[in-house]
Amino acid sequence: MNLLKKKHSVLPGFGLTLGYTVFYLCLIVLIPLSGLVVRSASMTFPDFWASVTEPRVVASYKLTFGASLAGALINAVFGFIVAWTLVRYRFPGKRLVDAIVDLPFALPTAVSGIALTAIYSKNGWLGQYLEAWGIKAAFSPLGVVIALTFIGLPFVVRTLQPAIADLDPELEEAAASLGARRLQTFLRVIVPTLLPALLTGFALSFARAIGEYGSVVFISGNMPMRTEITSLLIITKLEQYDYAGATALALVMLVVSFLLLLAINVLQWWSSRRFHGGIA
Amino acid sequence: MASLDTIYPAVPIKVKAATNQEPLWVRVILISISLTFIGLFLFLPLAAIMTEALRKGIGAYLESFQDEDALAAIKLTLIAAAISVPANLVFGAAAAWALAKFDFRGRNVLVTLIDLPFAVSPVIAGLVFVLLFGLQGWLGPWLSEHDIKIIFAVPGIVLCTIFVTFPFVARELIPLMQEQGNEEEMAALVLGASGWKTFWRVTVPNVKWALLYGVILCNARAMGEFGAVSVVSGHIRGKTNTMPLHVEVLYNEYNFVAAFAVASLLAMLALVTLALKSLVEWRMNRTDVETIPPGKE
């Protein structure tokens, strides 16, 4: 087996750098993560199953996945519009908007959490108007959706921007010269071409939302069965010294994350094929 | 010989102007939606942080930083970043050298594994270290026998920070160094430079902007991480609270002005990060244009 064995090269330092890379990777990432798997393997399957399907846990799945899906969908629609306007149009403040899109990456999640809570609580800038219409934003599932929309926004915009910039103008010109109206061109030519990138952005935004903790815990109110996300439930179990329960739950979330990662990789492969394999 | 003009006389053809452009009213609507969405979701929270922090005047704002616990939190955050950023920088450089300059079997697997911490939710990142080093963890009994504290202490916080910021530098460097190829390094070696010298004089200058970019992102995340450190910190005031954790403690005590004051520091850090990031992106695009190697496009 010649795994990790290099093909001939004259550059020095292969053994040292690769050795250090593998060592550091094992130490920081692989050994700690495998601990999680080993820990949950020590549970019997019925115990494991019972702990990941108790009603409070199932309620947290529903909220986590439902709100993540809603947030990712909102981002897919509005992120598309933001990316489109940033690439195609000129308007005042465009560079500022382009730079600020990454704010959710750069702003610590706890800070986003308390800022969003301040805005949407019933005395907040927007919360008071929503309250007047009878909509409770903070401390309700809607608050979770708001936080997860915030956190996932850059993924859709940043995935779509290069794809929109790469769109071949000849395609649109061809459609227009063949008599398509602009809306037809958009729906029949542009959207299908951008679909892989849009789906990738959507999936990235969804995946990030699933594991999010900091920005959600402040605005959600953390009521068991109603506004408690799975990440928080893991911490709650840990604080009650229910290590087995926390580990089991973490394993479920980890597996979901890895499946999503796999799906995203497949999407990106599809997307790169669409751009480089299509028109020569 | 008849010129093209006589065969195809210049008949004024009515071309609809800018077939690739939406009508003005559509553009205006789309730009308005876009600005409203960004304004609501991104500018409003920033404004809220500053307003809440200054709610009781500049005096109360500044007083929030006189607090010893706040200063301890700032110090701990700086310590965590000062350890984890260089650690991941060294790793990133080593990994990029091994993975971008050499071709071997299992290379792609390693590249994927390096990205792994991004797929792990922060809370789970904290949990794995509790399972390893906590009292009920694998090494827990041994550690407590020797009176070494990792969980609910500074080492645990540093470890978690290293974990969540693990891929930042490596993932910026690997694709770029791969694209640049080995020719310049080989030339340096042929001319008699040592391996180290080649690395410092040839490779590092070639990737300096990407390196800086990775460090900026790594630092922002290191200072702002909340979920993972929250699990291992134990929230001991003045001892194991980083800035984001201190924000949470103050907020839960209804000390809103102080909470938002500390948050405003973190928000400023985020804005500085974004500004530097834009600057570096602009520089990277420029060097890209300047140094396209002959033969490649």
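Taken together, the values in this text are just the output of simple stated rules run on the coordinates, not laboratory data. All figures in this text were calculated on a predicted structure; none of them were measured in a lab. Don't worry about glycine lacking a Cβ; one is built from the backbone with ideal geometry, like all the others, and counts go over all protein chains shown.
Any chance you could check the Cα centroid distance between segment B:174-190 and segment A:71-89 for me, in angstrom?
Computed from Cα coordinates, the inter-centre distance equals 38 Å.
What relative contact order, as a whole-number percentage, does segment A:38-275 give when Cα pairs under 8 Å and 6 or more residues apart are counted? Don't jump to the answer; show the numbers that get you there.
Working: 294 pairs, mean separation 75.5, N = 238.
Averaging sequence separation for qualifying contacts and normalising by length gives 32 percent for segment A:38-275.
With a cut-off of at most 16 other beta carbons within 10 Å, and DSSP calling the residue loop, which chymotrypsin sites (Phe, Trp or Tyr not before Pro) in segment A:95-197 qualify? Please list them.
Of the chymotrypsin sites (Phe, Trp or Tyr not before Pro), the ones in loops of segment A:95-197 whose Cβ has at most 16 other Cβ atoms within 10 Å are A:W125, A:W133.
If you take the charge dipole of segment A:38-275 about its Cα centre, with +1 on Lys and Arg Cβ and -1 on Asp and Glu Cβ, which of A:T159, A:I146, A:P192 is farthest toward its positive end?
Checked the options; the winner is A:P192.
Mind checking which of B:D115, B:D147, B:D69 has the largest fluctuation in a GNM of chain B, springs on alpha carbons under 10 Å?
With Cα springs under 10 Å in chain B, the top fluctuation among B:D115, B:D147, B:D69 is at B:D147.
Want the number for B:E253 to B:R27: 0.36 nm per residue separation, take away the alpha-carbon distance, what's left?
Length gained, B:E253 through B:R27: 76.6 nm.
Taking the Cβ-Cβ separation of B:W142 and A:Y241 as r and a Förster radius of 25 Å, what is the calculated FRET efficiency to the nearest 0.05? List each step's numbers first, then the result.
Numbers: r = 20 Å, r/R0 = 0.79.
Efficiency, rounded to the nearest 0.05: 0.80.
Which one, B:F43, B:F65, B:F91, has the greatest fluctuation when you compute a Gaussian network model over chain B with C-alpha springs under 10 angstrom?
Sorting by GNM fluctuation, first place goes to B:F43.
Restricting to Cα atoms and excluding each atom paired with itself, what does the Kirkwood estimate give for the protein assembly as shown in Å?
25.9
Which whole DSSP H helices in chain A pass both tests: a Cα extent of 24 Å or more along the axis and a mean Kyte-Doolittle value no lower than 0.0?
A:55-88, A:141-166, A:191-211, A:243-277
Please give the calculated 222 nm ellipticity per residue for chain A, where each DSSP H segment of at least 4 residues contributes -39500 (n - 2.57) and the sum is spread over every residue; nearest 500 deg cm²/dmol?
It comes out at -23500 deg cm²/dmol, rounded to the nearest 500.
Loop by DSSP (not H, G, I, E, B), at most 11 other beta-carbon atoms within 10 Å: where is the longest site-free stretch of chain B for trypsin sites (Lys or Arg not before Pro)?
My reading of the result: B:17-295 is the longest stretch.
Which longest uninterrupted range of chain A lacks any trypsin sites (Lys or Arg not before Pro) assigned by DSSP to a loop state (not H, G, I, E or B) and surrounded by at most 12 other Cβ atoms within 10 Å?
Longest run free of exposed loop sites: A:182-280.
State, as an integer percentage, the relative contact order of segment B:85-164 based on alpha-carbon contacts under 8 Å between residues 6 or more apart.
The value is 28 percent.
Using only atoms on other chains, find how many Cβ atoms lie within 10 Å of each Cβ of peptide B:92-100 and report the average.
5
Distance between Cα centroids, segment B:105-133 to segment A:128-165: provide it in whole Å.
28
What distance in nm lies between label points placed 7 Å from Cα along the C-beta direction at A:R226 and B:V90?
Taking the simple label geometry, A:R226 and B:V90 are separated by 5.2 nm.
With labels modelled as points extended 7 Å from the Cα through the Cβ direction, what inter-label distance (nm, one decimal) is found for B:V204 paired with B:L271?
Placing both labels 7 Å beyond Cα along the Cβ direction yields 3.4 nm.
With springs only between Cα atoms under 10 Å apart, run a GNM on chain A and tell me which of A:Y243, A:Y61, A:Y89 wobbles the most.
A:Y89
Mind checking the full-extension length gain between A:L183 and A:S9? Use 0.36 nm per residue of separation minus the Cα-Cα distance, one decimal, nm.
57.2 nm
Sticking with the crude label model, points 7 Å out along Cα→Cβ, report the distance from A:V37 to A:K136 in nm, one decimal please.
4.3
Taking each full run of DSSP H in chain B as one helix, which ones are at least 20 Å long along their axis (Cα atoms) and have mean Kyte-Doolittle hydropathy of at least -1.0?
Going by DSSP H runs, the hits are B:24-38, B:68-101, B:204-224, B:256-290.
Mind putting a number on the dipole of the protein assembly as shown about its Cα centre? Charges go on the C-beta only, +1 for Lys and Arg and -1 for Asp and Glu, and I need it in Debye to the nearest 20.
740
Among B:V130, B:V202, B:V90, which comes first, second and so on when ranked by fewest other beta-carbon atoms within 10 Å? Display every interim value, and only then the final one.
Details: B:V130 25, B:V202 17, B:V90 13.
By the 10 Å Cβ count, ascending, the order reads B:V90, B:V202, B:V130.
For segment B:187-282, state which GluC sites (Glu not before Pro) are in a DSSP loop and have at most 11 other beta carbons lying within 10 Å of their beta carbon.
Answer by residue number: B:E253.
Could you work out how far the C-alpha centroid of segment A:243-274 sits from that of segment B:192-266, in angstrom?
Centre-to-centre (Cα) distance: 26 Å.
Calculated from DSSP H runs of 4 or more alone, at -39500 (n - 2.57) each and per residue, what is the 222 nm mean residue ellipticity of chain B, nearest 500?
Calculated mean residue ellipticity at 222 nm is -22000 deg cm²/dmol.
Relative contact order for chain B using alpha-carbon pairs under 8 Å, separation at least 6, rounded to a whole percent?
28
What is the fewest-to-most order of B:M177, A:M225 by other Cβ atoms lying within 10 Å of their Cβ?
Lowest to highest Cβ neighbour count: A:M225, B:M177.
Once you average over the residues of B:77-89, how many Cβ atoms of partner chains fall within 10 Å of each Cβ?
Counting Cβ atoms of other protein chains within 10 Å of each residue's Cβ and averaging gives 0.
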